[in-house]
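K.L.:
Following this message is one structure expressed as C-alpha cells.
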Amino acid sequence: MDFFTRRAEEIILEALQRGDLDNLPGRGKPLELKDESHIPSELRMAHKILKNAGYVPPEVEMKSRISSTRDLLKYCAEEEEAYRKIQKLNLMITKMNMMRKVPVNLEENQVYYQKITEKVRVKKK
C-alpha cells in the first residue's frame, strides 16, 4: 500500500472510533446502484451532474421509458394489449434511433423478443 492509501485508511478508522460515521443517511440500507451501462463512459459524469440539477437528457428519459414499457410487456395477459405495447415500444425505439446519429441496438436479448412475438397472435379480420 502506498502512503495515501494507508493515510486514508487511518483517517477512516479514526472517524469510526469517534463515531463520526454513525448517523449517516442510509446507514444499514443497501446501496441503490443505477444501471448506467447504456450511457457512454465519457458522458456518465456529465449526465449525473445534469440529473442532480434536475435535468434529464431526452435520450436518457427515452431509454427509461423503453425499459419500463418492456417491463410492462412482460406482464401483459391479453394479446391485444401486448400487441399495442409492442407497437408503442417499436415507436419509442424508432424515435430514440432518430435522436441519435448511430442506431441503438436495443435487442440485447433476442430470445425474449422471439418469445413475445410467438405469444402475440394477430387476429385476421
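K.L.:
Take the residue pairs 29/51; 34/88; 74/95; 34/95; 48/74; 34/85 and return only those whose Cα atoms are more than 27 Å apart. It would help to have the intermediate numbers written out before the result.
P.N.:
Values: 29/51 23 Å; 34/88 25 Å; 74/95 22 Å; 34/95 24 Å; 48/74 29 Å; 34/85 25 Å.
Beyond 27 Å: 48/74.
K.L.:
Work out the FRET efficiency for residue 12 and residue 65 from their Cβ-Cβ distance, taking R0 = 25 Å, and round it to the nearest 0.05. Before the final figure, lay out the partial values.
P.N.:
Working: r = 41 Å, r/R0 = 1.62.
It comes out at approximately 0.05.
K.L.:
On to the next question. Using the alpha carbons of the range 10-108, what is the convex hull volume per residue in cubic angstrom, as a whole number? Don't jump to the answer; show the numbers that get you there.
P.N.:
Working: hull volume 17.0 nm³, N = 99.
Taking only Cα atoms, the range 10-108 has a hull volume of 171 Å³ per residue.
No lab work stands behind these numbers, since they all come straight from the coordinates. Predicted, not measured: the structure shown is a model, and the values here were computed from it. Cβ coordinates were reconstructed from backbone atoms using ideal geometry, including for glycine residues, and neighbour counts include every protein chain displayed.
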